[in-house]
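Novice: A single structure is presented below for examination.
The values are calculated or read from the model by the stated rules, or taken from the named source; none is laboratory data. Bear in mind the structure is a predicted one, so any value in this text is a computation, not a measurement. Don't worry about glycine lacking a Cβ; one is built from the backbone with ideal geometry, like all the others, and counts go over all protein chains shown. When the accessible area is computed, the model is the full protein with side chains, heavy atoms only, and any ligands, DNA or RNA have been set aside. Shrake-Rupley method; radii C 1.70, N 1.55, O 1.52, S 1.80 Å.
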Amino acid sequence: MSQPPAPSNLHVHLVDHPLVQHKLTLMRKKEASTNSFRRLLNEISMLMAYEVTRDMPMQDIEVQTPLETMTARVIDGKKLVFVSILRAGTGILDGMLTVVPGARVGHVGLYRDPQTLQAVEYYFKMPKDMHERDVVVVDPMLATGNSAAAAVDRIKALKPKSIKFVCLLTCPEGIATMHKAHPDVPIYTAAVDRQLNEHGYILPGLGDAGDRIFGTQ
Ligand code: URA
């Protein structure tokens, strides 16, 4: 498969923190067990949550310390929605909810037709009042970009305040698809790999993320 031109880097936030990169390298190893793959994804997802929530709006509240009353800042976690693209998105969702336990959760069920590599929807469930919410869509692998673009299409119809996309790995083809369909949606990723193969897998990648998270291969 030939490589499309690299899209604008403004659109892509590369999370190149040493802890993230170290854990990602361990996940890529084909001998990593299901247990360690899942644990590492969980840990990376907490660190990605830290990056993607960096500019979240905050509010002031009054708190009483043991010594005096002060005004201090808190996040309104209820305004945030994590949307997991099933099934591999679950692997990122768990880690993100560990650090933002007040967030709401939506699910989009999509599978890739193995012949056409197009996304086919089988489930869609979002919290109420999406127009008041900031959305973070999660899926470990942004490969062809077809599932991500289809999920964002459906979410956009509900008119949320903002949408960001978090993955673990992507490639130039996936970024190009998302950039073309949704140039307003920033992508947070731990790596941009070389290319897709003819089956829609990222190279060098880490294999099938869903199978590795759930031990289904
Ligand atoms: N989905 C995966 O799980 N892995 C890839 O490499 C591409 C899509």
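Novice: Can you give the local net charge around ASP94? Use residues other than it whose beta-carbon is closer than 13 angstrom to its beta-carbon, Lys and Arg +1, Asp and Glu -1. Don't jump to the answer; show the numbers that get you there.
Specialist: Numbers: positive: ARG38, ARG39, ARG87; negative: GLU43.
Every neighbour counted, the sum reads +2.
Novice: Oh, and also: Can you tell me how much longer the chain between LEU14 and THR216 gets when fully stretched, taken as 0.36 nm per residue apart minus their C-alpha distance, in nm with one decimal? Walk me through the intermediate numbers first.
Specialist: On the way: separation 202, 0.36 × 202 = 72.72 nm, distance 2.94 nm.
Result for the pair: 69.8 nm of gain on full extension.
Novice: Can I ask one more? Counting DSSP beta bridges with both partners in the chain, what percentage is antiparallel, nearest 5? Show your work: numbers first, answer last.
Specialist: Details: 15 of 40 bridges.
Percentage antiparallel, nearest 5: 40.
Novice: Here's a follow-up. Using the Kirkwood radius built from alpha carbon pairs, what does the Stokes-Einstein equation give as D for the stretch 12-214 at 20 °C and 1.002 mPa s, in µm² per second?
Specialist: Details: Rh = 17.4 Å.
The diffusion coefficient I find is 123 µm²/s.
Novice: In the stretch 132-217, which trypsin sites (Lys or Arg not before Pro) fall in coil by DSSP and have 15 or fewer other Cβ atoms within 10 Å?
Specialist: Values: sites: ARG133, ARG154, LYS156, LYS161, LYS164, LYS180, ARG194, ARG212; in loops: ARG133, LYS161, ARG194.
When the trypsin sites (Lys or Arg not before Pro) of the stretch 132-217 are filtered for loop state and at most 15 Cβ neighbours within 10 Å, LYS161, ARG194 remain.
Novice: Considering only protein heavy atoms and a 1.4 Å probe, what is the carbon-and-sulfur percentage of the accessible area of the chain? Provide the component values of the computation, followed by the final result.
Specialist: On the way: 6140 of 11330 Å².
Exposed carbon and sulfur together represent 54 percent of the surface.
Novice: Let me ask you something else. How far apart, in nm, are the 7 Å Cα→Cβ label points at LYS156 and GLN59?
Specialist: For LYS156 paired with GLN59, the spin-label model returns 3.0 nm.
Novice: Do the sum for the chain: with -39,500 (n - 2.57) for every DSSP H run of n ≥ 4, divided by all residues, what is the mean residue ellipticity at 222 nm, to the nearest 500 deg cm²/dmol?
Specialist: Details: 6 runs with 68 residues, N = 217.
Computed mean residue ellipticity for the chain: -9500 deg cm²/dmol.
Novice: Roughly how many nanometres apart are two label points built 7 Å out from the Cα toward the Cβ at ARG28 and MET70?
Specialist: With each label placed 7 Å out from Cα toward Cβ, I get 4.3 nm.
Novice: List the trypsin sites (Lys or Arg not before Pro) within the stretch 15-49 that fall in a DSSP loop (any state other than H, G, I, E or B) and whose Cβ has at most 13 other Cβ atoms within 10 Å. Don't skip to the answer; put the middle values down first.
Specialist: Details: sites: LYS23, ARG28, LYS29, LYS30, ARG38, ARG39; in loops: LYS29, LYS30.
Those satisfying the criteria are LYS29, LYS30.
Novice: Additional query: May I ask you to list the GluC sites (Glu not before Pro) in the stretch 58-132 that are in a DSSP loop and have at most 15 other Cβ atoms within 10 Å of their Cβ? If you can, show how the numbers build up before the last one.
Specialist: Values: sites: GLU62, GLU68, GLU121, GLU132; in loops: GLU68.
When the GluC sites (Glu not before Pro) of the stretch 58-132 are filtered for loop state and at most 15 Cβ neighbours within 10 Å, GLU68 remain.
Novice: In addition: Provide the per residue accessible area, probe 1.4 Å, for the stretch 131-187, rounded to a whole number of square angstrom.
Specialist: On the way: 1840 Å² over 57 residues.
Per-residue value: 32 Å².
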